[in-house]
Amino acid sequence: MALLEICCYSEACAIVAERHGADRIELCAAPKEGGLTVSYGVLKRVRESVTIPVHPIVRPRGGDFCYSDAEFSAMLEDIRFIKSLGYPGVVTGVLDEDANVDLPRMRQIMDAAGEMAVTFHRAFDMCQNPIEAFEKLADSGVARVLTSGQQASAEQGLSFITELKAHSRVPIIMAGAGVRPSNLELFLDAGIAEVHSSAGRWTPSPMRYRHSGLSMSSDASADEYSRYGVDGDAVSEMKAMIARHRFR
């Protein structure tokens with residue numbers, strides 16, 4: 001049966017995802033940046049409040065995946081700290097200037113992670129040569145690769161995702177980016193072992209007074225009064241679809 005991973009941007013989202021049947025959680029901050037490392041407080045609280053496996057992301061900033069020495073040193077510190085809290089896995093990825101997997105740094109990541117399972121995130125979709133990257137990641141010992149098949153969405157990249165799946169059983173290929181109840185069946189029919197979804201929705205802020213025309217974001221058009229969270233009903237629906245598909 002396919003495994004359902006839900007991307008969560010808060011402790012509250014993680015609790016909702018677990019309650020509605022998620023098998024695993026990727027824990028992030030900053031949805032508009034595509035996911036960044038969460039704070040110490042969130043890491044500590046989620047470790048105490050959620051019982052299913054949680055894999056925090058380690059990504060110090062938005063943008064590309066070629067990091068300065070200082071940024072990479074901070075990433076290693078974050079990985080060691082996450083390990084010290086007892087998390088079973090971590091999600092990260094590093095590329096060099098030519099969009100190849102940065103193998104020397106990946107070796108350091110694997111050493112820092114120790115027994116934690118390492119997922120190489122969608123930095124993979126930015127690689128210049130994905131098949132070569134996949135083989136390098138297999139050699140480095142990563143547990144899985146999260147990918148949209150190098151397309152804007154996993155549905156668009158499904159043919160390449162299935163090609164990667166046929167290439168090798170290790171690392172596990174996890175399809176992500178735009179996976180939702182309306183297209184989940186496509187991934188199940190293709191035999192994808194793990195799927196990743198935010199199962200998300202934007203909800204209005206509870207604030208009554210709103211200072212219009214002022215934004216704290218560098219994007220002046222950003223809505224300061226909406227929040228992104230997990231839609232528990234969507235998680236339940238996807239979990240039920242996976243269970244039904246198992247008996248087809």
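Largest first and in whole Å, give the semi-axes of the range 169-235's equivalent ellipsoid, each being the square root of 5 times a Cα gyration tensor eigenvalue.
In descending order, the three semi-axes are 35, 14, 9 Å.
Looking at the range 31-124 from every direction and averaging, what is the projected area of its Cα convex hull in nm²?
Convex hull of Cα atoms, orientation-averaged projection: 5.9 nm².
I'd like the chymotrypsin sites (Phe, Trp or Tyr not before Pro) in the range 188-248 restricted to DSSP loop residues with at most 10 other Cβ atoms within 10 Å, sorted by number.
Passing both the DSSP loop test and the Cβ count: 209, 247.
Starting from the Cα of residue 1, step 7 Å along the direction of its Cβ; do the same at residue 19; then give the gap between the two resulting points in nm.
2.1 nm
With Cα extents along the principal axes in Å in mind, check [x] 113, 51, 40; [y] 54, 51, 35; [z] 63, 39, 31 and report the label derived from this structure.
The listed entry that was calculated here is [y].
Any idea what log10 I(q)/I(0) is at q = 0.12, 0.15, 0.18, 0.21 Å⁻¹ for the range 73-147, Debye with uniform C-alpha scatterers and no solvent?
-0.29, -0.45, -0.64, -0.86
Quote to one decimal, in nm, the extra length available between residue 98 and residue 244 on full extension: 0.36 nm per residue of separation minus the C-alpha distance between them.
48.2 nm
Report the label-to-label distance for residue 185 and residue 207 in nanometres (one decimal), using points 7 Å from each Cα along the Cα→Cβ vector.
Rounded to a tenth, the inter-label distance reads 4.2 nm.
Just subtract the alpha-carbon distance of residue 49 and residue 110 from 0.36 nm times their residue separation and send over the number in nm, one decimal.
Between residue 49 and residue 110, full extension yields an extra 19.3 nm.
Under a point-charge model restricted to the Cβ atoms of Lys and Arg (+1) and Asp and Glu (-1), what is the dipole moment magnitude of the chain relative to its Cα centre, in debye to the nearest 20?
900 debye
Just flag the trypsin sites (Lys or Arg not before Pro) in the range 60-113 sitting in loop per DSSP whose Cβ has no more than 15 other Cβ atoms within 10 Å.
61
If each DSSP helix of 4+ residues adds -39,500 (n - 2.57) and the sum is divided by the residues in the chain, what number results at 222 nm, nearest 500 deg cm²/dmol?
Calculated from helices alone, the mean residue ellipticity at 222 nm is -10500 deg cm²/dmol.
Among all helices in the chain defined by DSSP H, which have a length of 18 Å or more along the axis from Cα atoms plus a Kyte-Doolittle mean of at least -0.5?
Both cut-offs are met by 69-84, 232-246.
Laboratory data are not the source of any read-out in this text; all were calculated from the coordinates shown. As the structure is a computational prediction, the values presented were derived from the model and not from experiment. Counting neighbours? That spans all protein chains shown, and the Cβs are built from the backbone with ideal geometry, glycine included.
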